[in-house]
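Down below is the structure, laid out as structure tokens.
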Amino acid sequence: MIVRLISGDTPRSPILTALLVLILTCLAGAPFIFEGVRALDTAARICIFILLVASYDLLLGYTGIVSFAHTMFFGIGAYGVALASTHMGRGFDALLVGSVSGALAAIVLALLIGLFSLRVRAIFFAMITLAVASAVAVLVSQFSNITGGEDGLTYKIPRVLTSANRMGEVMGVKFTGKILNYYLIFVCSLVLFLTLLRIVNSPFGRVLQAIRENDFRAEAIGYRVVWYRTAATCLSAATAALAGSLFAIWLRYVGPDTTLSFEIMLDILLMVVIGGMGTMYGAVLGAVLFVLAQTYLQNLMGAASHATEALPLIPELVDPDRWLMWLGILFVLSVYFFPTGIVGRLRRQRAT
Amino acid sequence: MTQILLETDALTVRFGGHVAVDAVTCKFPAGELTAIVGPNGAGKTTYFNLISGQIAASAGTVTLKGQDITRLGVAERCRRGLGRAFQLTNLFPNLSVLENLRLVIQARKHQGFGLFTMADSHTELTAEASGILERVRLDTQKDQLVSELSHGDQRKLEVAMLIGLDPLVYMFDEPTAGMSVDEAPVILDLIAEIKADTSRTVLLVEHKLDVIRTLADRIIVLHNGALAADGPPAEVMASAVVQEAYMGKELDHV
Amino acid sequence: MSAAPDHRPTFADVSLAERLDKAMPFLLIPILVVLGFFAIGAPSSWLTLTVSGLAMGMMIFIMASGLTLVFGLMDVINFGHGAFVSVGAFVGVSVLIAFGDWTGATSLLLNMSAVFLAVVAAMTVTGALGWVFERVIVKPVYGAHLKQILVTVGGLIVIEQLIHVIWGPDEIFINRPEMLKGAITFAGAAMEKYRLLAVGVGAVLFIVMRMILRRTKIGLIVRAGVENGPMVEALGYRLRMVFVGVFIAGSALAGLGGVMWGLYQEVITAGMGERMMVLVFIVAIIGGLGSVEGAFIGALLVGLLQNYVAFLEPKLALVSNIALMTAILMWRPQGMLPVVKAK
Amino acid sequence: EIRIAHVYGKTGPFEAYAAQSHNGLKLGLEYATGGTMEINGEKIVIIEKDTQLKPDIGRAQLEEAYGDDDAHIAVGPVSSGVALAMLPVAEEYERVLIVEPAVADSITGANWNPYIFRTGRNSSQDAIANAVALGGENVTIATLAQDYAFGRDGVVAFKEALEGTGATLAHEEYVPTDTTDFTAAAERIFNAMGEVEGEKKLFIIWAGGGNPMSKINAMEPSRFGVEIATGGNILAALKAYKELPGMEGATYYYYEIPQNPVNDWLVKTHFERFDSPPDFFTAGGMASGIAIVEAIKKAGGAEDTDALIAAMEGLTWETPKGAMTFRPEDHQAMQSMYHFRTELQDGKDYGVPVLVREIGMDEMKIPVRNQ
Amino acid sequence: MSDPILTLKNVYTDIAQYHILQGVDLEVPRGEVTMLLGRNGVGKTTTLKTIMGQWTAKSGEILYNGQEMKRLPVSARARAGIGFVPEDMGIFSDLTVEENMLLGASSGPLDPKRKEWLLGAFPALGTFWNSEAGNLSGGQKQMLSIARAMAEDRELYLIDEPTKGLAPAIIATMANALRELKAQGRSILLVEQNFSVARALGDSAVVMDDGSVIWTGAMAELAENKDLQENLMGLSMEAH
Ligand SMILES: Nc1ncnc2c1ncn2[C@@H]1O[C@H](COP(=O)(O)OP(=O)(O)OP(=O)(O)O)[C@@H](O)[C@H]1O
Ligand SMILES: Nc1ncnc2c1ncn2[C@@H]1O[C@H](COP(=O)(O)OP(=O)(O)OP(=O)(O)O)[C@@H](O)[C@H]1O
Ligand SMILES: [Mg+2]
Ligand SMILES: [Mg+2]
């Protein structure tokens, strides 16, 4: 049963299995296991990023397409919900309409971009998506009467999903709409993640892998590579858009910086690479690690700089204000230490 | 008269000014093995590329079973029955041997767009793939990654994939190149077996004359892109053009 | 010795259209300038826009030249290039501030000496930084684009943060040397003096780079080394040294670009180089990887087009670069004058 | 104890502004409590939160400040985008958020809620002050602004305010935010202004990087009789004003302009502590610090948010910029602005803004837009 | 004859965790063609790569002109006068034929006389002098690889299966070119599957099996003796 649920794609490493179970448990019980708004926010963010990174892995790890436009699709989903909620008023219908139309818009755009990949080389395609994504970000800030420009959009979601909705106590924790909202996100992410897992283990997924390995030969044995690439791009875009919708529901705010920026694109890239490309489970580990680091690194550094106060130079380097520098170092080191990602490393360990 | 499976009519390609294949007109009937010989750079591989669609023709047509396929893409031609093995091995290196072959059979059965079934639940593909691997004696290595295979085994897989595709037209480009004396016979036997099927046709590019002598029903000679000779092996091998342009003087007499 | 039997392949004539197609990239700029003239109408505006567009193109070229070596030839996607531009600007500006007397004097000689010193200092520092960068960050990831992106972005962040540590978080304003302020007016058109300097520097750089790459085997060694490093070594070349050298040269050129750009902007921030990266990549791509001529033409096209479009329809200025890149890649998928084929 | 959370972009592109704002806040609290850092015997605790200049993080940090750290009042942030994302959190947690120094009109406009106060100036105040400073009979003005909400709103407010002054607006030019070459924009402006008679001014509204002023100046607008004008800025940016002696405009703060005891203390203390004059955002930070202390004193404690709001509405308090008042309708602090002219002074490597005239808060009709 | 130009003594080479060469001993006499023979996968290519330095010898001695080379980097060995034609040809496919040849002459410009000589042997290269090497036919690439190694005068040439993919006529001219090199006093270590080429060119022969040398002697002796061939290489080479 469980094996069918994960489409026969077992983790193939005891440590990895343990980690995944741990993560799943923590996320499933987050409101009850951890205290405070920060923790819940982090858990929600992790769920959403797992989904987002997994959808990118479908593109990068399985199909071998390097695209920098992934945040664009994420943003489209987020703006879909935001715009629907602004214009239709708060309500579940707005969330639904927003998510669906966001996903559809993402598919249409992905189709256009996918067709573009017909003509240009992989690395140029990457650069084109980079340029397109930055152009979209600029356009969003330009059409400020629709999108709220740089300032973004703030809107309301159904009251049932906000902390104003108090539903009594469960296991000593005040069960509010916010927790309900969290579970909405958790369940949606889980279902979509399992769907992605099924897709990469389907006959279609195998063709994608073949294309990644050798697109020339894939074409020569009768697969129309462009169609598959386009289909993968569309699927991945639609999933990213849905992740964006969830993010919008959680945050109740969208803006170019939170959904469209190149920085997020790089974060996604890093999560895929740290986790392990082409493994799906890598997305889980990468997202968990990175979001945790992003959230708590600064606090950690604060503590470290406090502890090293007496020493020369060191407190300055671990000053919380320099956390970006350590993030940069993290970028470099993670590529060194996990050339095949954490999942690759764990699986190899078992093999030898 | 047997059916003409493949036909090229005045097939030409130019690279800049260089005419690499020059108006080659040729018919390939079913049940025959045609060897294509010619000096280096004569256009043999390019001729294959034109037939299988890897490069676009500047002029002329390719006809498969009476249908003009000149404007079709590589994948489409393959789906209609043109199968090709490559001069340099050209596989999916980080997938297993079995998976390589399953992909081929899956392609033939048009199952690539199955999104929500599990690939491993398609046992009929696995069964057929295993059968073919046994025929080329690769069944013991079927779970190994292709990149871990030895050169000779990769060549065998190359042939196995063409068999899995089960095309109407088989095209081999120097299948035994770099293969040692004890490995080559396995491949040659397989080719002979395919040739025995009268609904198929085989095209073979080779430089080794003894291979050609044993297998070919007919030889065509390409020279500077053009068709220089076409006929039964003995006749073609004896012709002055082939002697002079292709074989040169026998090594031992230099 | 006995010659092999000679096979003369058949050669047909190359048509005029094909020959014209080859020369086309070089004709684009004159064509654009003429089109601009008719679209703009007012000759003085057209002259101003054309000269300043060309000058802007030159400055972009200076920044892109290093990338043409590192990205185009060596096939390394180096986002750190942006950080080198910034470092170059900060070092150069620090020198200029230190030589405030020289830059403040109304003597062209003193002014230019100060600028020259700033350029030398900036190129030395960024070159050295490039050396460290290559050894520590880039060396393990040759040939792996994705990892290059990640590690060089990591490097970019670290260098930008170090700029904050060393020079503080404030943006630094700098005034140009006295003699480079203001403009020369000619036929109703104003041409900034500084831009004329940029034209000179860009042109000299272009010629020198072209000569070095034409006359020496360095370009060949790098291109061959990217494709098959062990073979290049087996032919007797010390590939590592060549790679390191080229990387240092590319970084030093980024430093030069930084000084030029900083003096143009008259305000420098740690993120200034990063912001130019997309544009610089666009130039390297539309020019064709590894091609100095291509990058040169590409940069001038970008500069001119930006100015013309911004004058005619400011709203479109935003997308003019991307439209240009898309159009050129549709026309020539490998860029205008590719020396290296994109993978 | 009284917990005050400063939620601001400590790291990221506006690091410099953030530091100023934070120093200002601390100095303000110190000044208003007479150095004790206690109000009615309760200790003030400052909690710092870094938004990293990202709206989603800002929002999470504010939630954490209110929810986990139980802060009574929050102050910040630098960026308008981040501020807008934070506004609903204040409403949800029913705690006061003092916005400083983000400027977007909509913070105290369309997106306002009763828990929001702003000590910083808003875009309208800037625009209107500049209109008052620049406008006059027989004056023709062209504007150059960034093509996004901040720029366009600024021009709209400026245009409205200009109507009363007798000046005419001849041309509006918008360029993309990341523009580095202003030749085309300048040519368009010169073409539009060339024929016009009388006094001609080009008003530049620009935020963040890029430096259109000196670039356009290098194209010698004087050929067409056009003078450049712009608002005030941080000290570092005033270097660019050196090229433009005599230029006029309106500014929010320059440390030598306001003459009052609070500013005297600020300048003196700042020189002592940091060996530099207080800057643009230091003054604002200090104003918010003093406002907090005054409000808590008036409300008799920080626990009861409703009381705090009631105390703050209409509150008038002393700041480095003189008296400010939170107007009850939208909680925007009304304050003076300064009409300046740049001068070159010995020993200063920047164009010094010298006071021409203080524009009092009554002189500027700042629209209320939160209905 | 003087001392051998190249001597391998008890060389061991590992690739990853596999032990490939297990004590190779061989000598290349100065001014002679030495054939390196053996079935597929016995380690011939690995031996050449170990000499060139592309694989590192774990132990043993590699003496070139009497000097130990084991510690030298690849490029230094090449500069010491070793030319190399690898099994996979190592063509720089993005470069033109001309540029490939220029790189072949690593210590200076391409000598016009030498160029003429090589184009005489391989006229196809002259025809496609300015074309991209990647577009050449399989056999033409092989010719380029050989010509590139000879673009400059080297003392010792290591050549790995140069005849694969070549048409018979070209094989003959290539053999001639190698003979001319030998006549100029150059030494050659040649790996070859085509026995008639081996017989026509070889002075001495070294036969490998399973990572070590199992027979060394005169080529003529091996060519005469069919039983010996069958013993050493599994099959009589004449048969194929
Ligand atoms: N893409 C291409 N661009 C330019 N020229 C090409 C291209 N492909 C092939 N050629 C040229 O066409 C000619 C024929 O090449 P082809 O590979 O067909 O030869 P071949 O007969 O297979 O030779 P070989 O026996 O050496 O493999 C060669 O001269 C080659 O240089
Ligand atoms: N990169 C590698 N990794 C692992 N094993 C290798 C590698 N390269 C070669 N081998 C193994 O080393 C052994 C010797 O290979 P080598 O290429 O030297 O043989 P060879 O004698 O040149 O054969 P051939 O005649 O086929 O060229 C083979 O068994 C091969 O499988
Ligand atoms: Mg061929
Ligand atoms: Mg070998």
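Helix content alone sets the calculated 222 nm mean residue ellipticity of chain C: runs of n ≥ 4 DSSP H residues at -39500 (n - 2.57) each, divided across all residues, give -24500 deg cm²/dmol. Count Lys and Arg as plus one, Asp and Glu as minus one, and take only other residues whose Cβ is under 9 Å from that of B:Arg218; the net charge is then -3. For D:Lys201, the residues whose modelled amide H falls within less than 5 Å of its own, excluding neighbours fewer than 5 places apart on the same chain, are D:Thr140, D:Ile141, D:Ala142, D:Glu227.
Across the protein chains, with a 1.4 Å probe defining accessible surface, the residues C:Met24, C:Met330, E:Met101, C:Met211 rank C:Met211, C:Met330, C:Met24, E:Met101 from largest area downward. On the beta carbon distance between B:Phe116 and C:Lys22, with R0 = 51 Å, the FRET formula returns roughly 0.50.
Ranking E:Thr46, A:Thr25 by solvent-accessible area of protein heavy atoms (1.4 Å probe, all protein chains present), from largest to smallest, gives A:Thr25, E:Thr46. For region D:156-198, accessible area lost to neighbouring protein chains reaches 30 Å² or more, against the chain alone with a 1.4 Å probe, at D:Pro176, D:Thr180, D:Asp181, D:Thr183, D:Ala184, D:Glu187, D:Arg188, D:Asn191.
Apply the a/c threshold of 1.5 to the C-alpha gyration tensor of chain A and tell me whether it is rounded, prolate or oblate. Verdict is rounded for chain A.
Shape class for chain C, computed from the alpha carbon gyration tensor (a ≥ b ≥ c): oblate, with a/c not under 1.5 and a/b at or below b/c. Between the beta carbons of D:Val354 and E:Gln184, assuming R0 = 60 Å, the FRET efficiency works out to 0.10 to the nearest 0.05.
Between E:Arg71 and C:Leu35, the modelled label-to-label distance comes to 6.4 nm, taking each label 7 Å out from Cα in the direction of the beta carbon. The accessible area of C:Leu300, taken with all protein chains in place and a 1.4 Å probe, comes to roughly 20 Å².
Beta bridges from DSSP with both residues in the protein assembly as shown: antiparallel share about 50 percent, rounded to the nearest 5.
Here chain D is treated with +1 on each Lys and Arg Cβ and -1 on each Asp and Glu Cβ, and its dipole about the Cα centre works out to around 500 debye. Would you give the gap between the C-alpha center of region A:108-162 and the C-alpha center of region A:283-352, rounded to a whole Å? If we compute the Cα centre of each part, the gap is 30 Å. Is any residue of region A:196-240 close enough, with backbone N under 16 Å, to a label point placed 7 angstrom from the Cα of A:Leu5 along the Cα-Cβ axis, and if so, which? Answer for this model: A:196-198. Solvent exposure of A:Lys174, expressed as accessible area, is near 130 Å², computed with a probe of 1.4 Å over the protein chains only.
Couplings for region C:193-205, taken from phi via the Karplus curve 6.51 cos²θ - 1.76 cosθ + 1.60 with θ = phi - 60°, read 5, 4, 5, 5, 4, 4, 4, x, 4, x, 5, 4, 4 Hz in order; Gly and Pro are left as x. Computed with a 1.4 Å probe over protein heavy atoms only, the accessible surface of the protein assembly as shown comes to 36 Å² per residue. For the pairs C:Lys181/D:Lys239; D:Lys159/D:Lys242; A:Lys178/D:Lys297, flag any whose C-alpha to C-alpha distance is greater than 24 Å. Where the Cα-Cα span goes over 24 Å, the pairs concerned are D:Lys159/D:Lys242; A:Lys178/D:Lys297.
Less than 5 angstrom separates the built amide H of C:Met191 from those of C:Ile184, C:Thr185, C:Phe186, all sequence-distant by 5 or more or on a different chain. For chain A, the fraction of 1.4 Å probe accessible surface lying on carbon and sulfur atoms is 70 percent. Using heavy atoms of the protein chains and a probe of 1.4 Å, the accessible area assigned to C:Asp75 is about 20 Å². Taken one residue at a time, the phi angles of region B:15-26 give Karplus couplings (6.51, -1.76, 1.60, θ = phi - 60°) of 10, x, x, 6, 8, 7, 10, 10, 6, 8, 10, 7 Hz. Gly and Pro are set to x. The listed residues C:Glu274, B:Glu148, E:Glu152 rank as B:Glu148, C:Glu274, E:Glu152 when sorted by accessible area, largest first, using a 1.4 Å probe. Between amide H atoms placed 1.01 Å from N, distances below 5 Å from B:Val21 occur with B:Val13, all of them 5 or more places distant or on a separate chain. With semi-axes defined as the square roots of five times the eigenvalues of the C-alpha gyration tensor, the equivalent ellipsoid of region B:88-166 measures 21, 12, 12 Å, largest first. Distance between the C-alpha centres of region C:39-84 and region D:35-88: 44 Å, rounded to the whole angstrom. Per-residue 3J(HN,Hα) values for region D:308-324, derived from phi via the Karplus relation 6.51 cos²θ - 1.76 cosθ + 1.60 with θ = phi - 60°, read 4, 5, 4, 5, 7, 5, x, 4, 10, 9, 8, 9, x, 9, x, 6, 10 Hz in sequence order (x marks Gly and Pro). Pairing chain B with chain C buries about 800 Å² of accessible area. This figure sums both sides and uses a 1.4 Å probe.
Normalised by the number of residues in region B:88-166, the mean separation of alpha-carbon contacts (under 8 Å, six or more apart) gives a relative contact order of 50 percent. Measuring between their Cα centroids, region A:190-252 and region B:1-80 lie 35 Å from each other.
Bridgeable lysines around E:Lys49 (alpha carbons under 21 Å apart, same-chain partners fewer than 8 residues away excluded): E:Lys9, E:Lys58, E:Lys70, E:Lys141, E:Lys164. Here's the list of aspartates and glutamates a cross-link from D:Lys268 could span, going by alpha-carbon distance under 19 Å and ignoring same-chain residues fewer than 8 apart: D:Glu30, D:Glu256, D:Asp279, D:Glu318. With K and R counted +1 and D and E -1, the other residues having a Cβ less than 12 Å from that of B:Glu99 yield a net charge of 0.
Each Lys or Arg adds one and each Asp or Glu subtracts one; over the other residues with Cβ under 13 Å from the Cβ of A:Pro256, this totals -4.
The values are calculated or read from the model by the stated rules, or taken from the named source; none is laboratory data. None of the values given here were measured: they were computed from a predicted structure. As a convention, Cβ positions derive from the backbone with ideal geometry for all residues, glycine included, and neighbour counts pool all protein chains shown. Areas reflect the complete protein model, heavy atoms only, side chains present, ligands, DNA and RNA absent. Shrake-Rupley method; radii C 1.70, N 1.55, O 1.52, S 1.80 Å.
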